[in-house]
1. Would you mind classifying region 3-74 by shape? Square roots of the alpha carbon gyration tensor eigenvalues, ordered a ≥ b ≥ c; an a/c under 1.5 is rounded, otherwise it is prolate if a/b is larger than b/c and oblate if not.
2. Tell me, what is the FRET efficiency for LYS47 and LEU5 to the nearest 0.05, using R0 = 22 angstrom and their Cβ-Cβ distance as r?
3. Give the peptides 28-41, 88-101, 61-74 in descending order of average Cβ contacts within 10 Å, highest first.
4. If you stretched the chain out fully between ALA86 and THR15, how much longer would it get, using 0.36 nm times the residue separation minus the C-alpha to C-alpha distance?
5. What are the equivalent ellipsoid semi-axes of region 40-109, built from the alpha-carbon gyration tensor (square roots of five times its eigenvalues), in whole angstrom, biggest first?
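Rule-based calculations on the coordinates, nothing more; no lab input. None of the values given here were measured: they were computed from a predicted structure. Methodologically, a virtual Cβ is constructed for each residue, glycine included, from the backbone with ideal geometry; neighbour enumeration extends over all protein chains shown.
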Amino acid sequence: MTTELEVLSALADPTRWELMDRIAVGDGATATTLADGLPVSRQAIVKHLGVLERAGLVTGRRAGREMRYSVRAERLDATARWMAAAARRWDARLAAIKALAESGPGPSDPDPSAPAPSDPGLSDPGLSQPGPSQPGPSGEEGAH
């Protein structure tokens, strides 16, 4: 998985998103302080922090018996730049499609208001279906 996709995958979980917000506000937060007010256990918070750390979004440093977590802004910045580049590529593609659609038919394109050409096989009298004035297979007119 690419780095950008790891970041997006890590941030897709609402609990991890909330943890990122809390760590950004209270730099040096511990798992215990982060768990306060969340509907998950401290152990679950530690697992979520591990996912964020593996994605490069937070870093933990030991302070005595506790780990204190900080946001790594450079990984978020890199992912934001990747997303902006992807958006520019899609904007360019969509603009090209729009220009093509608005340009109308080209010189080799058929006129959209012209009637559709008939099947050449059906325009040959020998291949056409018998009509009311043409003899059918039995020789009777109008028989089908």
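1. Values: a/c = 1.70, a/b = 1.25, b/c = 1.37.
Note, shape of region 3-74 comes out oblate.
2. On the way: r = 20 Å, r/R0 = 0.90.
E between LYS47 and LEU5, to the nearest 0.05, is 0.65.
3. Working: 28-41: 15.2, 88-101: 9.8, 61-74: 13.6.
Top of the packing list down: 28-41, 61-74, 88-101.
4. Values: separation 71, 0.36 × 71 = 25.56 nm, distance 2.64 nm.
Difference between extended and current length: 22.9 nm.
5. Working: eigenvalues 489, 31, 8 Å².
Semi-axes from the Cα gyration tensor: 49, 12, 6 Å.
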